[in-house]
Amino acid sequence: MPLGTFFLRRFSRVYPTLFIFVLVNTAIFSSTSLAPDLAAVLAALSFTLNYFIITSHTFVSIFDHIWSLCVEEHSYLLLGLLAFSLRGAGNRFVGFSLLLLGLTALATGILQYDVYGQNPFIVFWSSQVAAAPILISAGLFLLIGQRSRGLPLEWLVPLIFFCGLAARLFADVAWLFFGVKTLLLAISVCSIESATRFSRILFEGSIIRRLGRMSFSIYLWQQPFYVLARQGLLAELPALVIAICLGLLSYYLIEQPARTGLNAWFERSKRPNAVSEGG
């Protein structure tokens, strides 16, 4: 897929829903103690909220979760720049380059947290560290993703996967909950085609796939209700139900129509150029 097409489709998937979410919640909470200021709103809309929180030392409770979306978009931008810069290189060279960048980011986070004892939010919410799982996974996919097919990994992959989850959930040192977790989950994801039964049980059910398609909208809309529940302003079960329902409404009324319409518009806008070039 051409880089331009990828980024346009990424924009159509993410930005309309994010824009509506930020504006609606800014208006709803404007007269409460949870109201974000203008700088926080602009940071949320410009995918810089993680650095806004780090530099201002101020959490934006109803938008805090957008830090991970910022990291994701920064990672895609970096991957796009690398793909363009290394477009003549082979997969092995690109894979090793991505792996080296990812391992550097991983080591940076472990060193800052385990050795220098820095604030975990400052360490792990910065894109130069938090991008490590995406970069390592991309590098490993280029290096071993296709080669893992046919290998006898049916039960080894789920073992690696659940060991990675355990490291994330129960460890309290970064070399485990960030380092080992990242490496194990990246290996399991890149080798998952060799574990067809595990993949089918865990990821290929119709309900799981449908939830995966709706997950971005649910991810966005759950945060205000999580905050309200944490502050005792709303019971946890009603908060969860309302958040999921709003996420589903957002998917069907905003995300899906906006993505379909924008993608169709992008495709139509390319046709006159194709015709003029052909003429």
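The values are calculated or read from the model by the stated rules, or taken from the named source; none is laboratory data. Quantities reported herein were computed from a predicted structural model and do not represent experimental measurements. The area values use the complete protein model at the heavy-atom level, side chains included, leaving out ligands, DNA and RNA. Shrake-Rupley method; radii C 1.70, N 1.55, O 1.52, S 1.80 Å.
Residues in segment 241-249 carry Karplus couplings, in order, of 5, 5, 4, 5, 4, 5, x, 5, 4 Hz; the curve used is 6.51 cos²θ - 1.76 cosθ + 1.60 with θ = phi - 60°, and Gly or Pro positions show x. Per residue, the average separation of C-alpha pairs within less than 8 Å and at least 6 apart gives the chain a relative contact order of 20 percent. The portion of the accessible surface of the chain made up by carbon and sulfur, rounded to a whole percent, is 69 (1.4 Å probe; DNA, RNA and ligands excluded).
In this structure segment 1-57 gives 51 Å² per residue of accessible area when probed at 1.4 Å with all protein chains present. For segment 163-168, the Karplus equation 6.51 cos²θ - 1.76 cosθ + 1.60, evaluated at θ = phi - 60°, returns couplings of 5, x, 4, 4, 4, 6 Hz by residue, with Gly and Pro reported as x. Please report the relative contact order for segment 33-97, taking Cα pairs under 8 Å with a sequence separation of at least 6, and give it as a percent rounded to a whole number. Normalised by residue count, the contact order of segment 33-97 is 27 percent. For the chain, the mean residue ellipticity at 222 nm estimated from helices alone is -22500 deg cm²/dmol, where every DSSP H run of n ≥ 4 contributes -39500 (n - 2.57) and the total is divided by all residues, rounded to the nearest 500.
Evaluated at q = 0.10, 0.15, 0.23 Å⁻¹, the base-10 log of the normalised Debye intensity for segment 98-194, with identical point scatterers placed on the Cα atoms, takes the values -0.27, -0.58, -1.11. In the context of the full set of protein chains, residues of segment 89-190 present 53 Å² of accessible surface per residue (probe radius 1.4 Å, heavy atoms only). Within segment 163-267, the proportion of C-alpha pairs whose separation exceeds 19 Å stands at 66%. Using the empirical formula 2.2 N^0.38 Å as the baseline, the Cα radius of gyration of segment 55-139 reaches a ratio of 1.21. Taking 0.36 nm per residue of sequence separation and removing the Cα-Cα distance, the LEU165/GLN128 pair yields an extension gain of 11.1 nm. Using every pair of distinct Cα positions in the chain, the Kirkwood expression returns a hydrodynamic radius of 21.0 angstrom. Dividing the mean sequence gap of close Cα pairs (under 8 Å, 6+ apart) by how many residues segment 181-262 holds gives a relative contact order of 25 percent.
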